[in-house]
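Novice: This is the structure I want to talk about, given as structure tokens.
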Amino acid sequence: MEKITVRLFGAAADRAGTREVELASETTTLDELWSKLADRHPELSPMRPTLAFAVNDEYAGGDARVEPGDEVAVLPPVSGG
Amino acid sequence: MFAIVEEPIDVGALVSGAYRPDCGAVATFVGTTRVDESGEARVEHLEYEAYRPMADKKLAEIGAGIRNRWDVRYVAIVHRVGRVDPGEPSVAIVVAAPRRGPAFEASRHAIERIKEIVPIWKREVWSDGYIWVGSQVGTRGAIRTT
């Protein structure tokens, strides 16, 4: 089965100790995918209220659909400029 | 023109590239890296990372939004990633418009939107550890809360 690639950035990559995680999943939602990610990297859980997410390069909410082959990004508060 | 670059930003070239005969105003905003101090510790340099290509896409969206809202004829936004030493430009915005009002307003809007929606992150590397700005995650003993 094709996997869902989760990319981590900034403080989230720092906390998890990795920049990329592959999760096996059927079609799911961002919220459900987050649960799987937090199971594997519990150190991310405290950051949850501060995080935004993207699916295939676009911001997405917790009920957004995620399919195998998609790329999900875990985005801490942005701090460019 | 929208770009995320690893090398120093040539602000002069960016500004002169915006001159146009149909415009009477070129507004430029340059964000530079500031050295903060806290007790004995100080920021030694900053490191930026971007989620590409989403960050490129969001810069272009900001540019398109500006052109819909104001009468501007040219917008360039360049953001640097990687290590940036103190006092160097990390972002440059250049807007050319027929009139100065829209040029000023649009350049202000661009930097505010960059800080809201463009997936770029800044890590301050201090003499006593580092901290991810905005997340307050890092290795400094005394993490700042402001």
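Read-outs throughout are calculated quantities, based only on the coordinates presented, and are distinct from any laboratory measurement. Treat the numbers as computed from the prediction; the structure is a model and nothing was measured. Neighbour counts are summed over all protein chains in view; Cβ atoms, including those assigned to glycine, are modelled from backbone coordinates with ideal geometry.
Novice: So if I check each of A:37, A:23, A:30, which one is crowded, with 17+ Cβ neighbours inside 10 Å and out of contact with any helix residue (DSSP H, G or I) (no Cβ under 9 Å at 6 or more places or on another chain)?
Specialist: Being crowded, with 17+ Cβ neighbours inside 10 Å and out of contact with any helix residue (DSSP H, G or I) (no Cβ under 9 Å at 6 or more places or on another chain) holds for just one of A:37, A:23, A:30, which is A:30.
Novice: Return the total of residues in segment B:115-132 being assigned to a loop (DSSP other than H, G, I, E, B) and either more than 7 Å from chain A (Cβ to nearest Cβ) or out of contact with any helix residue (DSSP H, G or I) (no Cβ under 9 Å at 6 or more places or on another chain) (or both).
Specialist: Summing the residues that are assigned to a loop (DSSP other than H, G, I, E, B) and either more than 7 Å from chain A (Cβ to nearest Cβ) or out of contact with any helix residue (DSSP H, G or I) (no Cβ under 9 Å at 6 or more places or on another chain) (or both) in segment B:115-132 gives 2.
Novice: Give me the strands (runs of 3 or more DSSP E) completely within segment B:1-92, filtered to those with at least 2 residues that are over 27 Å from residue B:134 (Cβ atoms), ordered by residue number.
Specialist: B:25-32
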